[in-house]
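Chemist: What follows is a structure written as structure tokens; I'll ask about it next.
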Number of protein chains: 2
Amino acid sequence: MSTAQGARARARQEITAAIKEAARRQLAAQGAAKLSLRAVARELDMVSSAVYRYFPSRDELLTALIIDAYDSLGEAAERARDAASDVPPPARWVAVCEAVRGWGLAHPHEYALIYGSPVPGYSAPQTTVRAAARVGLVLIGILRDARQGPGPAAPPLPADLVPEAARVAADLAPDLPPEAAVALVAAWAQLFGLVGFEVFGQFNNVVADRETFFRHAAARLAEGVGLR
Amino acid sequence: MSTAQGARARARQEITAAIKEAARRQLAAQGAAKLSLRAVARELDMVSSAVYRYFPSRDELLTALIIDAYDSLGEAAERARDAASDVPPPARWVAVCEAVRGWGLAHPHEYALIYGSPVPGYSAPQTTVRAAARVGLVLIGILRDARQGPGPAAPPLPADLVPEAARVAADLAPDLPPEAAVALVAAWAQLFGLVGFEVFGQFNNVVADRETFFRHAAARLAEGVGLR
DNA sequence: CCAGAGCAAGAGCGGTGCTCTCTTTTTGGT
DNA sequence: ACCAAAAAGAGAGCACCGCTCTTGCTCTGG
């Protein structure tokens, strides 16, 4: 039990990592639909049935990759936030948005895995939920920091939204006013709409200078959540 | 050539339609990944190789379904626009957005097909482009109609966006001012961000009253493009 | 009327996810 | 130090997949 439960456990971790690495390579090369457990096994010089000692099914492998992708994107967002800790909140917001965009463009297939169609026989294991929240938490944090001072008022809510807004705020960030919480959730989804359209090529013959376009759109998103 | 090129051609059309219908059923039931040409053939009591007389490959079948899905969504949007022809433009905008959302929730797998990850070995045939534009055209039309009167100014553009905005406007709607065109493209993507998050379950433990939330978000989108 | 086009059927190839059995290796308690 | 038990690898095999090819049959247009 000395270092890490013996050589057996360490080997298991290494092989598990190697499988995920090979799978990630295939994912990046051909997309989730073409990810083949047998091909992964071939690349690692093992027989297909051996892989099942590490992942009980192809979908479980994909789930592991999904979690890793969420973490990778979350880290990218957190790095961008930390690198922009000395700029005003709106610029920090834009920096995080650009990090999300950059990650998506750099890893389109992994982006598709987490924000495209749910690939496996449809199942979003609860395990992924926490990993999925990281980007959202970064955005919440920026808004919270900016609200330390006197908050510029967000636009008032229509009456029918008030109860839902209170609910969202209570679950998400009890220290934020309801109108900020609901605006943030909308901006969160809208950010991924912008990124998704670009990653999936929907802007192809529509927007040429996508970088500039995106920066502007992200800045307007910041305004929409009350950052100024 | 009298009615429709004889019985042969009619039979071909009928069988083609039957194949697409069966495929759409499978798509709705299990998603694009599990759509099997052989299963479609089984359902239609033919042998798998016979299907290839009508669609040269599984991906071609999927492409046909993609185009149909774009058309179906486009029709839903157009119906909503026409049904709301007598309400003010912002309300008409919201009605179209709600139609898009409703269609997506009613046909999640088809929505995933067109706005989720590009499924086949990655190819967006040029044929789909025109079908894909329909929803966008509806949104443009609403904005254009509203602009007949004296247009409320959209927020001014930063200098670095001016050239791109001019380009977008020229391609998209030369009669719209550049800042409106660029705001519209952003709103277009953001709309599908909102709908996609809901269809794909990203709002599951975040937003409860999604209907109300969406209506509010769509209304703010309308403000963002200058509808008031 | 009949050649050729269109179509259905079946066999078959290589690939897939996954299961089962059998053997080998490693491990931990006595 | 030994030995049963657990873990891992290897291989065959099942049912399915997309797709191709060949073989006949039917319909159609000149």
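Chemist: Does the stretch A:211-226 include one or more residues that are on the phi > 0 side of the Ramachandran plot and crowded, with 17+ Cβ neighbours inside 10 Å?
Modeler: From the stretch A:211-226, those on the phi > 0 side of the Ramachandran plot are A:226; that's our starting set.
Keeping just the survivors that are crowded, with 17+ Cβ neighbours inside 10 Å gives A:226.
For the stretch A:211-226, residues on the phi > 0 side of the Ramachandran plot and crowded, with 17+ Cβ neighbours inside 10 Å: present.
Chemist: Now, a different point. Kindly indicate which of B:SER72, B:SER48, B:SER36 is of a type in the set (S, T, N, Q), over 22 Å from B:SER117 (Cβ atoms) and open to solvent by 10 Å² or more (accessible area, probe 1.4 Å). Spell out how you get there, then give the answer.
Modeler: Working: B:SER72 fails: over 22 Å from B:SER117 (Cβ atoms); B:SER36 fails: over 22 Å from B:SER117 (Cβ atoms).
Just one listed residue meets the conditions, B:SER48.
Chemist: Would you check which residues across the stretch B:192-205 are at pLDDT 95 or above and facing another protein chain (nearest Cβ under 7 Å) and list them?
Modeler: If the condition is that a residue be at pLDDT 95 or above and facing another protein chain (nearest Cβ under 7 Å), then B:PHE192, B:GLY193, B:LEU194, B:GLY196, B:PHE197 are the ones that fit.
Chemist: For A:ALA41, only one of the following conditions fails: (1) touching a Ser or Thr at 6+ places or on another chain (Cβ under 8 Å); (2) away from DNA strand D (no atom under 13 Å from the Cβ). What is its number?
Modeler: So A:ALA41 meets the others, but not (2).
Chemist: Right, next: Quick check: is even one residue across the stretch A:191-202 surrounded by fewer than 21 Cβ atoms within 10 Å (Cβ to Cβ), under 23 Å from the mean Cα position of the chain (by Cα) and within 15 Å of B:PHE203 (Cβ to Cβ)?
Modeler: Checking the stretch A:191-202: not a single residue is surrounded by fewer than 21 Cβ atoms within 10 Å (Cβ to Cβ), under 23 Å from the mean Cα position of the chain (by Cα) and within 15 Å of B:PHE203 (Cβ to Cβ).
Chemist: I would also like to ask the following. Consider B:TYR54 against the criteria (1) part of a helix (DSSP H, G or I); (2) within 16 Å of DNA strand C (Cβ to nearest atom): it satisfies all of them except one. Which criterion is unmet?
Modeler: Just one mismatch for B:TYR54, condition (1).
Chemist: Which condition breaks for A:VAL100 when tested against (1) more than 12 Å from DNA strand C (Cβ to nearest atom); (2) at pLDDT below 95; (3) crowded, with 18+ Cβ neighbours inside 10 Å?
Modeler: A:VAL100 satisfies every listed condition except (2).
Chemist: While we're on this one: If the requirement is being within 20 Å of A:GLU223 (Cα to Cα), assigned by TED's automatic domain parsing to the domain that holds B:ALA112, in contact (Cβ under 8 Å) with a residue 60 or more places away in the chain and of a type in the set (Lys, Arg), which of these qualifies: B:ARG220, B:ARG215? Even if it seems obvious, please write down each step before you answer.
Modeler: Numbers: B:ARG220 fails: in contact (Cβ under 8 Å) with a residue 60 or more places away in the chain.
After ruling out the rest, the residue left standing is B:ARG215.
Chemist: Then there's this: How many of the residues making up the stretch A:16-43 are within 13 Å of DNA strand C (Cβ to nearest atom) and away from chain B (no Cβ under 14 Å)? It would help to see each step written out before you state the result.
Modeler: Quick first cut of the stretch A:16-43, residues within 13 Å of DNA strand C (Cβ to nearest atom) only: A:19, A:22-23, A:26-27, A:29-43.
With the extra rule that they be away from chain B (no Cβ under 14 Å), the set shrinks to A:19, A:22-23, A:37-43.
The total comes to 10.
Chemist: Taking the conditions exactly as written (open to solvent by 50 Å² or more (accessible area, probe 1.4 Å), within 16 Å of DNA strand C (Cβ to nearest atom) and under 22 Å from A:ALA18 (Cα atoms)), does A:PRO108 satisfy them or not? Explain how you work it out, then say what you get.
Modeler: On the way: open to solvent by 50 Å² or more (accessible area, probe 1.4 Å): yes; within 16 Å of DNA strand C (Cβ to nearest atom): no; under 22 Å from A:ALA18 (Cα atoms): yes.
No.
Chemist: For the stretch A:172-182, enumerate the residues that are within 20 Å of the chain's Cα centre (by Cα) and either more than 8 Å from chain B (Cβ to nearest Cβ) or more than 20 Å from B:PHE197 (Cα to Cα) (or both). Lay out the reasoning, then the answer.
Modeler: Initially, the stretch A:172-182 is screened for residues within 20 Å of the chain's Cα centre (by Cα), giving A:172-173, A:181-182.
Those that are within 20 Å of the chain's Cα centre (by Cα) and either more than 8 Å from chain B (Cβ to nearest Cβ) or more than 20 Å from B:PHE197 (Cα to Cα) (or both): A:ALA173, A:ALA181.
Chemist: What residue, among those in the stretch A:81-110 that are free of Cβ contacts under 8 Å to residues at least 24 places away in the same chain and in a helix (DSSP H, G or I), is farthest from A:GLY136 (Cα to Cα)?
Modeler: A:ALA106
Chemist: Looking at A:LEU27, A:LEU73, which is the one that is assigned by TED's automatic domain parsing to the domain that holds A:ARG144, of a type outside the set (Gly, Ala, Ser), modelled with pLDDT of 95 or more and within 30 Å of A:PHE213 (Cβ to Cβ)?
Modeler: Details: A:LEU27 fails: assigned by TED's automatic domain parsing to the domain that holds A:ARG144.
Of A:LEU27, A:LEU73, the one residue that is assigned by TED's automatic domain parsing to the domain that holds A:ARG144, of a type outside the set (Gly, Ala, Ser), modelled with pLDDT of 95 or more and within 30 Å of A:PHE213 (Cβ to Cβ) is A:LEU73.
Chemist: Any idea which residue in the stretch B:13-28 is surrounded by the fewest Cβ atoms within 10 Å (Cβ to Cβ), counting only those that are in contact (Cβ under 8 Å) with a residue 40 or more places away in the chain and more than 10 Å from DNA strand D (Cβ to nearest atom)?
Modeler: Going through the stretch B:13-28, the residues in contact (Cβ under 8 Å) with a residue 40 or more places away in the chain turn out to be B:19-20, B:23-24, B:27-28.
Among the residues that remain, those that are also more than 10 Å from DNA strand D (Cβ to nearest atom) are: B:19-20, B:24, B:27-28.
On the way: B:ILE19: 23, B:LYS20: 18, B:ARG24: 20, B:LEU27: 23, B:ALA28: 13.
Step by step, filter the stretch B:13-28, then rank; the result is B:ALA28.
Chemist: Can you go through B:ALA186, B:ALA169, B:ALA165 and tell me which one is more than 9 Å from chain A (Cβ to nearest Cβ) and either not charged (D, E, K, R) or not in a loop (DSSP other than H, G, I, E, B) (or both)? Walk me through it before giving the result.
Modeler: Values: B:ALA186 fails: more than 9 Å from chain A (Cβ to nearest Cβ); B:ALA165 fails: more than 9 Å from chain A (Cβ to nearest Cβ).
Within the list B:ALA186, B:ALA169, B:ALA165, the selection yields B:ALA169.
Chemist: Here are the criteria: (1) at the interface with chain A (Cβ under 7 Å from one of its Cβ atoms); (2) part of a helix (DSSP H, G or I); (3) small (Gly, Ala, Ser). Tell me which single one B:ALA208 does not satisfy.
Modeler: (2)
The values are calculated or read from the model by the stated rules, or taken from the named source; none is laboratory data. None of the values given here were measured: they were computed from a predicted structure. Don't worry about glycine lacking a Cβ; one is built from the backbone with ideal geometry, like all the others, and counts go over all protein chains shown. Calculation scope for accessible area: heavy atoms of the full protein, side chains included, ligands and nucleic acids excluded. Shrake-Rupley method; radii C 1.70, N 1.55, O 1.52, S 1.80 Å.
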